[in-house]
Amino acid sequence: PEVVVNQTSDSLVDFRVESNNNTHMLFVDGSADKVGINTAGPEVSLDVNGNAIRIRTAGTPSSASDFGVQGEIRWDADYIYICVATDTWKRVAISTW
């Protein structure tokens with residue numbers, strides 16, 4: 001089962017979720033195919049109006065050719081990994097300061 005907010009292209013319904021302090025805690029712009037978090041005017045596919053995002057679980061590709069899709073991001077204690085093409089990973093070392 002699922003809840004459908006915009007069934008047809010004729011409706012192009014925007015959708016929002018309010019919190020106690022924010023009328024646009026989550027906002028879906030139905031006509032522009034954009035999602036905003038903490039913003040009423042998302043400018044890209046996913047627009048987060050805040051100073052941090054979080055990927056909760058560490059994940060280390062087993063090799064530079066491990067399974068992955070372009071744009072996927074993973075991390076562990078030593079590196080940030082980015083999949084730059086199908087099954088093609090690059091990484092950058094993380095250090096303390």
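Taking the convex hull of the alpha carbon atoms in the chain, what volume per residue do you get, in Å³?
179
How do 72-82, 49-59 rank on mean C-beta neighbours within 10 Å, highest first?
For the peptides 72-82, 49-59, the packing ranking is 72-82, 49-59.
Can you give the % of DSSP beta bridges in the chain that are antiparallel, to the nearest 5?
85
At 1.4 Å probe size, with the rest of the protein present, what percent of the exposed accessible area of the chain is carbon and sulfur atoms?
Exposed carbon and sulfur together represent 53 percent of the surface.
On average, how much accessible surface per residue is there in the stretch 14-97, in Å², for a 1.4 Å probe, leaving out ligands, DNA and RNA?
75
The values are calculated or read from the model by the stated rules, or taken from the named source; none is laboratory data. Quick caveat, the model's predicted, so the values are computed rather than measured. Positions of Cβ are backbone-derived with ideal geometry, glycine not excepted, and every protein chain shown enters the neighbour counts. These accessible areas exclude ligands, DNA and RNA; they are computed on the full protein's heavy atoms, side chains included. Shrake-Rupley method; radii C 1.70, N 1.55, O 1.52, S 1.80 Å.
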